[in-house]
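Here the structure comes first, spelled out in structure tokens, and everything after it is commentary.
The values are calculated or read from the model by the stated rules, or taken from the named source; none is laboratory data. Quick caveat, the model's predicted, so the values are computed rather than measured. Note that we place each Cβ from the backbone using ideal geometry, even for glycine, and neighbour counts take in every protein chain shown. Side chains are part of the model used for accessible areas, which takes the heavy atoms of the whole protein and leaves out ligands, DNA and RNA. Shrake-Rupley method; radii C 1.70, N 1.55, O 1.52, S 1.80 Å.
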Amino acid sequence: KLNRVSLGLETESLVAVKPGNNEHPKGEKFHPTEGEIECLMDNLGEAVTSYLKSDTSKEWSQIALAEAVATDDRIEIGSSQLRQRYLKDLRKDKSQPASRYYNGGTGKWCYDGD
């Protein structure tokens, strides 16, 4: 994740930071409206595909993928919610291209090419 920092009156920069557990407190769950769900799932599919393409030999567990995707700027959901609900929804939604990257036999996510 990138945080904006001020280096003076007119100068700003970005600093890479690892998100902490308190970045998405348990009490602040994201509750998208019905109209936001389609956009949310599209963004989630794009983010998942990006992470899987970053290392095509890696098999991602649901937990590891949720933690990685939660750091993506397009995603407004914490890793816990991603793992428990939205990644499960994504793998079942055959209209989402990213759903084909989930292997039900191994329980892992892996990019298998286009």
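Count, please, the residues in segment 69-109 that happen to be β-branched (Val, Ile, Thr), part of a helix (DSSP H, G or I) and closer than 18 Å to Thr33 by Cα.
From segment 69-109, those β-branched (Val, Ile, Thr) are 69, 71, 75, 77, 106; that's our starting set.
Right, trim to part of a helix (DSSP H, G or I) and you get 69.
Going one step further and asking which of them are closer than 18 Å to Thr33 by Cα, we end up with none.
Of the residues in segment 69-109, 0 are β-branched (Val, Ile, Thr), part of a helix (DSSP H, G or I) and closer than 18 Å to Thr33 by Cα.
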Next on the checklist: Of all residues being acidic (Asp, Glu) and assigned to a helix (DSSP H, G or I) in segment 38-60, which is most open to solvent (accessible area, probe 1.4 Å)? Just the residue, please.
Outcome noted: Glu38
Checklist entry - Just wondering, is there one or more residues in segment 61-68 that are open to solvent by less than 80 Å² (accessible area, probe 1.4 Å), more than 22 Å from Thr33 (Cβ to Cβ) and not in a helix (DSSP H, G or I)? => result yes
Checklist entry - Is one or more of the residues making up segment 44-63 at pLDDT below 85 and out of contact with any Lys or Arg (no Cβ under 6 Å at 6 or more places or on another chain)? => result no
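Would you mind finding the one in Lys94, Lys88 that is open to solvent by 20 Å² or more (accessible area, probe 1.4 Å) and either polar (S, T, N, Q) or more than 18 Å from His31 (Cβ to Cβ) (or both)?
Details: Lys88 fails: either polar (S, T, N, Q) or more than 18 Å from His31 (Cβ to Cβ) (or both).
Checking each option against the conditions leaves just Lys94.
Check whether at least one residue in segment 92-102 is of a type in the set (A, V, I, L, M, F, W, C) and modelled with pLDDT of 85 or more, and report yes or no. If you could, list the steps in order and put the result at the bottom.
Here is the first cut: in segment 92-102, the residues of a type in the set (A, V, I, L, M, F, W, C) are 98.
Cutting the leftovers down to modelled with pLDDT of 85 or more gives us 98.
Yes, segment 92-102 contains at least one residue that is of a type in the set (A, V, I, L, M, F, W, C) and modelled with pLDDT of 85 or more.
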Item to check | Given (1) within 9 Å of the chain's Cα centre (by Cα); (2) loosely packed, with under 13 Cβ neighbours inside 10 Å, index of the condition Thr106 fails | outcome: (1)
